[in-house]
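Okay, structure first, notes after.
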Amino acid sequence: MKTIVAKFGGTSLADGSQFKKVKEIIDADPDRRIIVASAPGKRFPEDVKVTDMLINCYEKAKAGENFDKELSDIKSRFRDIIIELNIDFPLSQEFDILREKIISNPNRDYIASRGEYFNSRILAEYLGYTFVDPEWCVCFDENGVPDDAMTKRAMRAALRPLKNAVIAGFYGADGSGRIHTLPRGGSDVTGSLAACAVNADLYENWTDVSGLMAADPRIVDDPRSVEFLSFRELRTLSYMGASVLHTDSVLPAAESGISINIRNTNHPEDKGTTIVKDLPEDGEDYPIIGVAGKKGMSVLQIEKVMVSDGSGFSARIQDILADRNLPFEQCLTGIDVVTLVIATDLLDTCRDELLQEIKEKMTPDFVGVTDNLSMIAIVGERGSHSCDANVRVLQALADNGIEISTMNQGARNLSLLIGIPEEKYEEAIRVIYGMMS
Ligand code: ASP
């Protein structure tokens, strides 16, 4: 028998009718044996996620304010689910315990984690699966830092003997039993760790979109979804702003070579996007698989005659940035010139001091910043076509009068990164998408 780890996100488990869809999906494939659940998410755009409601409750308790109304609204969310599913669940007892804990010891992470805890227990009851509390097997150190290696061992011990299980996402505990949460959206990470622990054949991530779109649907009308994507392509696209999965969830699966299939709970018939280690030979043959980008970038340019002589000029500039914890997106070194692309909001935290330090330590002939830039990544690992595709992208942008400020092509043809003026960003994305499809 195969093992599929299936993680269902907040919108997939937002109310009773969504739970019913989830059960249908799980029942449709007996290999879906390990289920990871999020807290109830938004049922409609203006709705509030249960995790946010819990955090709000914690804030009130911390400030010494009354939180009865907030807690009762959260209880109602779960009561509605239980009633619709017609299952037995000791809701009042559980909420009495929670209330006591909030009063006696308001621990933010414990309170924030209860959305996943209740939802997973309810789902386990509804499916007739064993509930696994990540308190026993998602391990953190005493500073709240996740310990992936220990988690893998503990999860394996907890999950392997079980035929079917529901494990709550998003949290775990340290050696003393104190609850810690992963970053927001962290149930994706729990799913990935669970998939690695049981050496799953596939990690399914069920959400409310049919996979990753080849371009931002807010800019391009009805972009196609990508069927296969390599881990490296996903990394580049998500770094540049295309988001479907929590970034930290990709590495564990990638390292173990477990494919991730992003699926839509509301359209289970769609194949979604499968993220794989090696792209299938017979997969889609688009030279460019996706385009993504972000605005709000600046270019820092430093020039000094005769520095391209192995003196480590560029490395020393990068050290200055590293000492200030200032990350850069791209570093282009030309003859006697170093160009760094940096997020403007981060640069603004130390712009004047940084320029001053560079002037003093590097004595450049010129140092200056250009703002209002956007960066676009054009991604596609289907090597042999990429060069030609890149030329066509540049031509298409030139034909549309879009000027390129910086450009960098990765050594393995994975992506072309270009910087263009911010006001041309949307137009450029549309032009590139237009020539891709
Ligand atoms: N419920 C948590 C959040 O809203 C974690 C998750 O859904 O993955 O961030």
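Here is how the numbers come out for the structure above:
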{"quantity": "Greater than 18 Å apart at Cα, pairs in LYS49/LYS295; LYS49/LYS69; LYS295/LYS359; LYS295/LYS424; LYS21/LYS42; LYS7/LYS101", "calculated": "LYS49/LYS295; LYS295/LYS359; LYS7/LYS101"}
{"quantity": "Angle between the chain longest axis and helix 16-27 axis [Cα atoms, degrees, rounded to 10]", "calculated": "80"}
{"quantity": "On Cα atoms only, tilt of 68-85 relative to the major axis of the chain in degrees", "calculated": "70"}
{"quantity": "Residues LEU251 and ASP29, FRET efficiency given R0 of 30 Å [Cβ-Cβ distance, rounded to 0.05]", "calculated": "0.70"}
{"quantity": "0 to 90° range, to nearest 10: angle between helix 108-127 axis and the chain longest Cα axis", "calculated": "60"}
{"quantity": "Within the chain: Cβ-based charge dipole about Cα centre, in debye rounded to nearest 20 (Lys, Arg +1; Asp, Glu -1)", "calculated": "1080"}
{"quantity": "Relative contact order for the chain, counting Cα pairs under 8 Å that sit 6 or more residues apart, in percent", "calculated": "13"}
{"quantity": "Label-point separation, MET1 to ASP88 (7 Å along Cα→Cβ), nm", "calculated": "2.5"}
{"quantity": "Global form of region 173-303, assessed from the alpha-carbon gyration tensor, a/c cut-off 1.5", "calculated": "oblate"}
{"quantity": "When region 53-160 is reduced to its Cα atoms, the Kirkwood hydrodynamic radius in Å", "calculated": "15.4"}
{"quantity": "Apportionment of accessible area to carbon and sulfur, the chain, percent (1.4 Å)", "calculated": "47"}
{"quantity": "Spatially proximal aspartates and glutamates relative to LYS2 (Cα-Cα < 20 Å; intrachain offsets below 8 disregarded)", "calculated": "GLU24, ASP27, ASP29, ASP31, ASP201, GLU204, GLU255"}
{"quantity": "Separation of the ASP388 and ARG324 label points, Cα + 7 Å toward Cβ, nm", "calculated": "4.5"}
{"quantity": "Relative contact order for region 333-437, counting Cα pairs under 8 Å that sit 6 or more residues apart, in percent", "calculated": "27"}
{"quantity": "Cross-link reach list, aspartates and glutamates versus LYS294, counting only Cα pairs under 15 Å and skipping chain neighbours closer than eight places", "calculated": "ASP216, GLU329, ASP345, ASP371, GLU422, GLU423, GLU426, GLU427"}
{"quantity": "Two-decimal Rg to Rh for region 250-299 - Kirkwood Rh, Cα set", "calculated": "1.08"}
{"quantity": "For region 117-160 versus region 305-365, the gap between their alpha-carbon centres in whole angstrom", "calculated": "44"}
{"quantity": "Relative packing of peptides 326-337, 424-435 - highest average C-beta neighbours within 10 Å first", "calculated": "424-435, 326-337"}
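The values are calculated or read from the model by the stated rules, or taken from the named source; none is laboratory data. Remember, predicted model here, so these are calculated numbers, not experimental data. Note: ideal-geometry Cβ built from the backbone for every residue, glycine included; neighbour counts use all protein chains shown. What goes into the accessible areas is simple: the full protein's heavy atoms, side chains included, and nothing from ligands, DNA or RNA. Shrake-Rupley method; radii C 1.70, N 1.55, O 1.52, S 1.80 Å.
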